[in-house]
Amino acid sequence: MTATQNLENDHVHILQLTEIMQKMVEGKTENTEHLELVVKLVRNFADGFHHAKEEDLLFPMLGKKGFSPQQGPVAVMLAEHVQGRAFIKGVADGIEAFKEGNRNALESIYTNMEEYAFLLTAHIGKENNILFRMADEALNAEENALLLVQFDDVEKHTETAYQTINAIKTINNLAFIYLNQTK
């Protein structure tokens, strides 16, 4: 397995989470427990774990290979990570306002969830099809092996509930509810 394959495996589950978010919006869910769970999954698995592997490990290694964090594909990915965090903050803020009795906050929740899902779907497409293919060309076997060891270390330091296997279980539980998929 290469570093990019590891990241693409995460993408499968992150994309499933974006599908769940879209179904939650379509169904106009008001289940704050599920909405909060989605925010936690994004913040701790998609962002805290997966984006940490990209931002703290892969991108700096690509920087040593001439990929600038100020321009080009890495810069675009970093900017989109920031944009995604803003959408999730909007969801979280909306949930808090809704829980305090502001029913109008639902629209903010839904808009931010839709925008996040749209952004991440396109973002992952760019990473899988462009940036990661460039990385595959740039990284040698030793660098890939080092990244995989470092990715494992990130996993070990991730809160247990959001380590890959547990995050996938939680996403699958939500998929069973919102996407009518079996567990």
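Which of the helices (runs of 4 or more DSSP H) found entirely inside segment 91-163 contain at least 1 residues meeting this: closer than 18 Å to PHE59 by Cβ and among the basic types (Lys, Arg)? Spell out the reasoning first.
Working: elements: 105-126, 132-138, 141-156.
It comes to 105-126, 132-138.
Out of PHE87, PHE59, which single residue is under 19 Å from LYS28 (Cα atoms) and of a type outside the set (Gly, Ala, Ser)?
Only one candidate qualifies: PHE87.
Tell me, which residue of segment 132-183 that is aromatic (Phe, Trp, Tyr) and touching a residue at least 40 places away in the same chain (Cβ under 8 Å) is nearest to VAL39 (Cα to Cα)?
So the first thing to find is which residues in segment 132-183 are aromatic (Phe, Trp, Tyr), and the list is 132, 151, 162, 176, 178.
Imposing the further condition that a residue be touching a residue at least 40 places away in the same chain (Cβ under 8 Å) reduces the set to 132, 151, 162, 178.
Working: PHE132: 26, PHE151: 23, TYR162: 12, TYR178: 16 Å.
Among those that are aromatic (Phe, Trp, Tyr) and touching a residue at least 40 places away in the same chain (Cβ under 8 Å), it is TYR162.
Listed here are the residues, each with its yes/no results for (1) more than 19 Å from the chain's Cα centre (by Cα); (2) under 25 Å from HIS157 (Cα atoms).
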residue	(1), (2)
GLU55	no, yes
MET61	yes, yes
GLY66	yes, no
GLN71	yes, no
ILE109	no, no
PHE118	no, no
ALA122	no, no
MET134	yes, no
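Within segment 30-52, which residues are more than 17 Å from ASN166 (Cα to Cα) and in contact (Cβ under 8 Å) with a residue 40 or more places away in the chain?
GLU30, THR32, LEU35, ALA52
Read-outs: derived from the displayed coordinates by stated rules, not from any lab. Just so it is clear, the structure is predicted and the values come from calculations on it, not from any experiment. Don't worry about glycine lacking a Cβ; one is built from the backbone with ideal geometry, like all the others, and counts go over all protein chains shown.
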